[in-house]
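Here the structure is laid out as structure tokens; the discussion comes afterwards.
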Amino acid sequence: MSIRSMLVAAAFALASLEPARADGLRPIDAMGIDFGEVSGVAYYTVERDGFHIVATLAQGITGTPIRVVCVLAPGQRVAFSTPHQLGALEISRNADSVLVRKVKSVAN
């Protein structure tokens, strides 16, 4: 199975997020990301230097997937958005937990 097929299958298999709802994410558990035409999955691992957030996104079945990796220390967050979609997906670290929620806009 190709990476694109796995991404699409995982995105459809996982429930999408409700507005203004924060969900806790556990290490290695994947969560679907859906921005309409762009979708994918995100997960994290616990490493010495922080929590490694990994998101893989692609546009449709034929789009080239991209992988974004960032390291979050306590109190940090990362947001994903597209120019055509209102709102953003925010992944934040609070102490030893990771929260995922939809937000109205990306904070600067």
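A short reminder: the numbers here are calculations on the coordinates, not readings from a lab. Note that the structure is predicted; figures quoted are calculated from it, not measured. So basically every Cβ, Gly included, is an ideal-geometry build from the backbone, and we count neighbours across all protein chains shown.
Residues in region 59-86 that are part of a strand (DSSP E or B), within 14 Å of the chain's Cα centre (by Cα) and surrounded by 12 or more Cβ atoms within 10 Å (Cβ to Cβ): I66, V68, C70, V71, L72, R77, V78, A79, F80. Residues in region 44-58 that are out of contact with any Phe, Trp or Tyr (no Cβ under 9 Å at 6 or more places or on another chain), in a strand (DSSP E or B) and surrounded by fewer than 18 Cβ atoms within 10 Å (Cβ to Cβ): V46, E47, G50. Annotation note: Cβ proximity below 8 Å between a residue of region 68-82 that is in contact (Cβ under 8 Å) with a residue 12 or more places away in the chain and a residue that is surrounded by fewer than 12 Cβ atoms within 10 Å (Cβ to Cβ) and in a strand (DSSP E or B) (sequence gap 6+ or interchain) occurs for V71/E47.
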